Structures are given as C-alpha cells and as structure tokens.
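Just below is one structure, and these are the notes that go with it.
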Amino acid sequence: MLLVRQLFGASANSWARALIIFVLAWVALVYVFVVKLTSTQGQQAAGESELNARRISQALQLLEHTRQRNEELKQLIDELMSDQLDKQSALKLVQRLENDALNPKMAADVVGPEPEAMFESAPADLRGWNNVAEAVAAGNDLMEADHGEFGGGGGEPSLEYEFTRRRIQTNIGEIWNFFSSELGKVRKAVAGGHANSADLEESINQVLLQGAEHKRSLLSDMERLRQSDGYEAWRHKEARDLSDLVQRRLHHLQNPSDCQNARKLVCKLNKGCGYGCQLHHVVYCFIVAYATERTLILKSRGWRYHKGGWEEVFQPVSNSCHDAGTANTYNWPGKPNTQVLVLPIIDSLMPRPPYLPLAVPEDLAPRLKRLHGDPIVWWVGQFLKYLLRPQAPTRDFLVAGMRNLGWERPIVGVHVRRTDKVGTEAACHSVEEYMTHVEDYYRTLEVNGSSVVRRIFLASDDAQVIEEARRKYPQYHIIGDPEVARMASVSTRYTDTALNGIILDIHMLSMSDHLVCTFSSQVCRVAYEIMQTLYPDAAYRFKSLDDIYYYGGQNAHNRRVVIAHKPRTHEDLQLRVGDLVSVAGNHWDGNSKGKNTRTNQGGLFPSFKVEEKVDTAKLPLYPGV
C-alpha cells in the first residue's frame, strides 16, 4: 500500500491509481472468500452440512460487502475524473482499503466473527493499528489546517463526547467498587474455618489484585485518551475564558460606580462553626448577592479566628464599597427595591430560591457541562477564587510554608479528620484506609512501568496521625507539620496561629495532584472546590472515604435514570428510564442510596444506572461585563 500512498502524492493518471486500489481490494476480498470456503476441511462429517451452509451465507454477505466496496471504488473513479476528490476523503478511503488488504480478519468481521473467536483478545498489533500509522500521520498533516489550534474534527468536542468520556471514567470505578466489595465479602466468609478456605481466600486475593491492576490500566488509558484526543488546548482555553468571565462579573458586582445608592447584601462572617463551614457560609452569601445583583458587604470585625477581620488576612471583597451605609436594613427576602438586605444562615433561609447550590447559572450551563465533570463544584470554586485572594503577608506565609515542608510533585493530599467530628458527624477511619487509596493512585501512575517517588501531604487535627503514618509507611515521603495538627484541636482552634495552619493545610491540599479524605469534612470539600480552579476539570481527582460531594443546606441532589432496574432484594429501588432519584449517598460498593421521586420510595440502586442531572437557574447575565 506504500505504492498507493505514493501514487496519491504523484501526478500519475487518475485511472491507473483507481485501478490499483480496485485490484488490491479485490485480491484481498477474494482471498478471504476462498479461505472461508476451504477452512471446513478436517471437520467432522456430521457437522459439515450445517457449517457449509453457514459459510455460504457468510460468503454471500461478503460478496455483498464487495459489491458495496465496488460502488465506493466507482464513486472514487467518478470523483477522480472530475477532480473533485479532496485529500481528506482520499485518506479515509486509503485507510479503509489498507485495513482490509493487510488485515483480512478485519474484513471478515463485516459478516460477523466465528462463535469461538468472540472471546479472543485482539492482538497488540491490531490494537495499535500499526499498519496505517503512516497514513494517520499523513492525515494529521492534511487536516491540521482544517482543525485549528485545538485539534479534533470541529475545533472543540461535542457535549456527548465529553459526557461519555466522563461516564466511562466514573463507571470504571463503580464496577470495581462492586466486585471488590462482593469478593471481599466472600473472602471473609470462607476465612471462617472451611476445609479449603486458605486456598479459596488466596484465589480471591489474586482476583482482587489482578482486578485492581486491570482497573488501573483502564484509568491510565482514559488519561491517555484525554491527553491525545486533540481537545486539551480547548479545555485549558475554555476553562480560562469561563473563569475570567465569572471573575470579571464578580469584580463588577463588588465595585459599583455609586456605592452609596447601590443595592447591598449584608453577610455576617461569624457563623457558629469552624473555618471551612464559615467559608461555605460566605460563598452562599456571595451566590445570593450574584443572583440578586447586590454588592456583598461582609461583616467580619471580631471574627473568632482573627479579631481584626477578614481584610487583614485576605483582600477585601470590594475595593470601593465596604459598608452598608446609612440606609435602613431589612431581613430576607425583602423586596426588589430594598436597598440593604440582611441574609440569614442557609439553614434558616425562607423562602429558598432556586439558585442555591446545586444549581449553576443557566447561561453558563451548556459550556460548563461540556467542560467539567461536576459543574457545581466548579461554580463554588470560582467564588472561593475571588474570596481567598491573600494579603501579601498571607501569601508570603504560604510560599514559605510550602518551601519549608519540602513541597514537590507528584504528591497526594491526605486529610484525616478526627477530634470533634468522630462519633458525631462521621465515622473514624484508620490510617490504613486512607493509604490504601494513596497506594492505588501511585500504582496507577506506574502502571506502564515508570517509577515515581511516593509523596503525601498529610493534614489532620490530630498530631498522632502524622507520627503514626510515618512509622507505618517508611517507604513514603510524608510531609506534614504535627504542630499545625496540634493547633487544629478543638481547644486551640480559634487563634491566629491555628488560622494560619488551616489556611496552609487547605492551600496544600488543593495544590495536590489527588485528594484522599472524607467529604463529611468541610475542610476537605473546600480544598476540593479550590482545586477546580487549578485545572480545566479536577472533578475526579479525589477519593472520599464517606460522603459524596455536597454543599451544606443545598437543594435536592437529583440523578436521572438511564438504565431500568428491577429490585434484587427488598432494599432495592425499582427504576424506570427517565425517573429522577434524589441521592442520599454512595456506599462505594457499586450501589448508591436515594429516593425515587416518582414512587416516593427509598432504597439502594446500582450507581451506574443513573447520570447526573445538572440543575440550572436563570441568573443575571451582566451584559455590561
């Protein structure tokens, strides 16, 4: 076929080029036809008639395929005669002819594989398509001008492509959750004293080990797909453009031309909870301010973490409008013309507007759904990006802290929450549980034979956790400050030193390549939200040992059923395609828990049978920005 490619680049007669293609394709297809008719020799006599009948049927289908190919060749000749064949269509036809000529098995697949061949693995050379590598490379050169700077067929991916890619990535993890959980149960059962339990347990261990390796390979392939699909430049540009748009809108909102007469929303920082919870409280206030086109006024004097207020740690939320002025203030919901509105905490907000999390702006939703795996996390992250712009001393402290701890990549951020959370809001998880997922991440990085230094940044409110991890995992380079952990304990949490420590912890967690934590912790969720501002899509850069992502005080979290489900046990939900399920959580065993909004029944359902329903709300468009 090298001759074919040479002819396409030369000035030889068009008829001669088409004739060569025709002859090569015809020889390959006749060869397949003859092989199929003669391959029954040696079969047992009793089955010859049935096999021959099937072979003849397949041969007839193959001849029909040949007829269709002849039609394509005729069309090619016609186009060549009229000089209307463009390079790209020529390339595609050359590739198809090469595939059939050099891989007769691929041509035979048109009429269906033999039953005994359905379970064979594809040879490595077919998986790599080495026989058309030159044609593909040439095609890349030919199509470069048409595809623009982003690569790919149309310059940017379709929503369906991005959605399917993310769905595959999610479901790879879900199927592994299922099998690992079920086989784990069997392993525990057989370890109870059966005669051959040791052998059976070892067999199951091997299944789990090999299954984990298979999962890592698939995830590695998915990452390679993302890197090589030609859309990475588009993702970075789209993420940057969307973020710049939102940041400009927030700056416009927060710096009105006439502060005295601007409509304002007053938010009091000192909610009775910890740092992560208070950050989420301010974000909620900011979302309401954005939705109502009101300048956010943050009341932070006497802040329990820093008496001097927010503005001494982070930059002011406004450069020109710092207080509510002398106008009368009214409590939520007020009226559209109310100049100054005071917002309560989200837990007691009534009435509840539709734009609270988990909703994203309707005008941004089409772009967000295509760009990001979890749009609401991106949306919340944009408010944190604006709010957490550090003052110079804070910035210098963060830079020095990372340098002193020896920050390098790759690194996994691990947050272990203990003290006041355990036994009240969350269960206690051992260090081993966290490290299982850290090890899995690094083994995925090394699945292709590379070797990396295993580093983790370990943050906790219990200093003993850091010491325990260093003792049990000497093969890891563990960075973390036990003193910061001690200051994060309940008794010393609300001090300037403790505030610096939690700011540094969240900053370094968000800067990590991957997060392992519990989403029941607001600190972990804040780090995850900030992480979204550092990548085009960091939705999958985490492993939570308990909850799925949620926003405290959120509206319902719904997912849409895409595959029907018949209950297997009394705990299962019955699902129809199109049903909405209000999700309560993921059991991380292949099943999630929720309530079918159609039947109003609660229970379990396979996680892979639903897809995320992105809620949207009509919000101001800020046309002047």
Considering M531, M487, which residue is in the same structural domain as V414 (by the TED database), of a type in the set (A, V, I, L, M) and touching a residue at least 60 places away in the same chain (Cβ under 8 Å)? M531
Residue pairs, Cβ under 8 Å, 6 or more apart or interchain, first in region 328-339 and under 18 Å from P351 (Cα atoms), second open to solvent by 100 Å² or more (accessible area, probe 1.4 Å) and in a strand (DSSP E or B). List them. T338/Y330
Can you name the residue in region 135-174 that is modelled with pLDDT of 50 or more and touching a Gly at 6+ places or on another chain (Cβ under 7 Å) and is also nearest to A233 (Cα to Cα) among such residues? G155
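Please go through region 240-284 and pick out each residue that is within 22 Å of the chain's Cα centre (by Cα) and either of a type in the set (S, T, N, Q) or surrounded by fewer than 21 Cβ atoms within 10 Å (Cβ to Cβ) (or both).
Residues of region 240-284 within 22 Å of the chain's Cα centre (by Cα): 240-244, 246.
Residues satisfying the conditions are R240, D241, L242, S243, D244.
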Scan region 186-229 for residues that are outside any helix (DSSP H, G or I) and under 33 Å from the mean Cα position of the chain (by Cα) and report the count. 1
Scanning region 156-185 for residues that are outside any helix (DSSP H, G or I) and touching a Phe, Trp or Tyr at 6+ places or on another chain (Cβ under 7 Å) gives E156, P157
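Return the residues of region 343-380 that are in contact with a Lys or Arg (Cβ under 7 Å, 6 or more places away or on another chain) and among the aliphatic types (A, V, I, L, M); say none if nothing qualifies. Explain how you work it out, then say what you get.
Start the filter on region 343-380 by keeping residues that are in contact with a Lys or Arg (Cβ under 7 Å, 6 or more places away or on another chain), which leaves 345, 362, 371, 373, 375.
If the condition is that a residue be in contact with a Lys or Arg (Cβ under 7 Å, 6 or more places away or on another chain) and among the aliphatic types (A, V, I, L, M), then I345, L371 are the ones that fit.
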Tell me yes or no: at least one residue of region 241-252 is without any contact (Cβ under 8 Å) to a residue 60 or more places away in the chain and part of a loop (DSSP other than H, G, I, E, B). no
Please go through region 269-319 and pick out each residue that is within 19 Å of V625 (Cβ to Cβ), part of a loop (DSSP other than H, G, I, E, B) and not charged (D, E, K, R). V317, S318, N319
Does region 308-361 hold any residues that are of a type in the set (F, W, Y) and touching a helix residue (DSSP H, G or I) at 6+ places or on another chain (Cβ under 7 Å), and which are they? F314, Y355
Test G302 against the criterion of being out of contact with any Phe, Trp or Tyr (no Cβ under 6 Å at 6 or more places or on another chain) and on the phi > 0 side of the Ramachandran plot, and give yes or no. yes
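Kindly indicate whether any position in region 374-394 is within 21 Å of M487 (Cβ to Cβ), modelled with pLDDT of 95 or more and exposed (fewer than 14 other Cβ atoms within 10 Å of the Cβ). Write out each step before concluding.
Of all residues in region 374-394, those within 21 Å of M487 (Cβ to Cβ) come to 388, 390-391, 393-394.
Retained after the next criterion (residues that are modelled with pLDDT of 95 or more): 388, 390-391, 393-394.
Then keep just the ones that are exposed (fewer than 14 other Cβ atoms within 10 Å of the Cβ); that gives 393.
Yes, the conditions are met somewhere in region 374-394.
Taking the condition under 30 Å from R240 (Cβ atoms) and surrounded by fewer than 19 Cβ atoms within 10 Å (Cβ to Cβ), does I548 pass?
On the way: under 30 Å from R240 (Cβ atoms): yes; surrounded by fewer than 19 Cβ atoms within 10 Å (Cβ to Cβ): yes.
Here the answer is yes, as I548 does meet what is asked.
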For region 566-591, give me the residue count where each residue is of a type outside the set (V, I, T), over 26 Å from C277 (Cα atoms) and crowded, with 19+ Cβ neighbours inside 10 Å. 5
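The values are calculated or read from the model by the stated rules, or taken from the named source; none is laboratory data. Since the structure is predicted, the reported quantities are computational estimates derived from the model, not experimental observations. Note that we place each Cβ from the backbone using ideal geometry, even for glycine, and neighbour counts take in every protein chain shown. The area values use the complete protein model at the heavy-atom level, side chains included, leaving out ligands, DNA and RNA. Shrake-Rupley method; radii C 1.70, N 1.55, O 1.52, S 1.80 Å.
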